[in-house]
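The values are calculated or read from the model by the stated rules, or taken from the named source; none is laboratory data. Because the structure is predicted, anything quoted here is derived from the model rather than measured. Note that each Cβ is placed from the backbone with ideal geometry, even for glycine, and that neighbours are counted across all protein chains shown. Protein only, heavy atoms only, side chains kept; ligands, DNA and RNA dropped before computing areas. Shrake-Rupley method; radii C 1.70, N 1.55, O 1.52, S 1.80 Å.
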Amino acid sequence: QGIIDVQSGGPFSMNYDSFNQTFVTGASVCGQVRMAGGSILENAAIYSHANYLANGDLTDRSTSNPVVTTTGNVTAKGNVFIQGDSGTEIGQTALQVKDGTLTLEDGATLAAFGGDGNTLIYSQGGTAIKLDHGKITGSGKLIAIGGDVLFGDGGNAVEGNGTLSTTETFLQGSTAYG
């Protein structure tokens, strides 16, 4: 729970066994990962449980704030997967790139999934990637899939202002089932 601040020069990896070079499960984020300029996001399976109850509090939390934010120039290496949490009114945004560039190194894959909005009948799916004067570039692969809903507005693959310029890009928004 809380904020994980990764400073310049610092790498961040999650749910990855570097010895066996495999992804594992177990750790989740109940806050936010903030990547500062000069930091490295490498081999990470990041999924959020920010809207789960904590410490017996009976008040549901509802946040659509991004699971991961990058500010300045950040590098992604290997395979990085980010999943936003389900929301009561709106699914959580997976990734925000703000005032800088997220560079995908050669062979890197970045996959962002907006949280679903299936908790209530009429809710909104989460955005996969939000650009705020941001850019995603490099010779890697980018995947962005908006969050599902039962009825209501499906999540966007990408929204905001900025540019995408990667070797491969797959974008998919979501629509309502009903």
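In segment 108-123, what residues are surrounded by fewer than 22 Cβ atoms within 10 Å (Cβ to Cβ) and part of a strand (DSSP E or B)?
Residues satisfying the conditions are Thr109, Ala111, Tyr122.
Could you please find all residues in segment 148-172 being open to solvent by less than 50 Å² (accessible area, probe 1.4 Å), under 21 Å from Lys98 (Cα atoms) and not in a strand (DSSP E or B)?
Gly155, Ala157
Exactly one of (1) among the small types (Gly, Ala, Ser); (2) without any contact (Cβ under 8 Å) to a residue 60 or more places away in the chain; (3) over 25 Å from Ser165 (Cα atoms); (4) open to solvent by less than 20 Å² (accessible area, probe 1.4 Å) is unmet by Gly91. Its number?
Failed condition: (2).
What is the residue count in segment 43-98 for residues that are at pLDDT 90 or above, of a type outside the set (Gly, Ala, Ser) and part of a strand (DSSP E or B)?
Final tally of qualifying residues: 19.
Tally up the residues in segment 105-153 that are modelled with pLDDT under 95 and touching a strand residue (DSSP E or B) at 6+ places or on another chain (Cβ under 6 Å), please.
10
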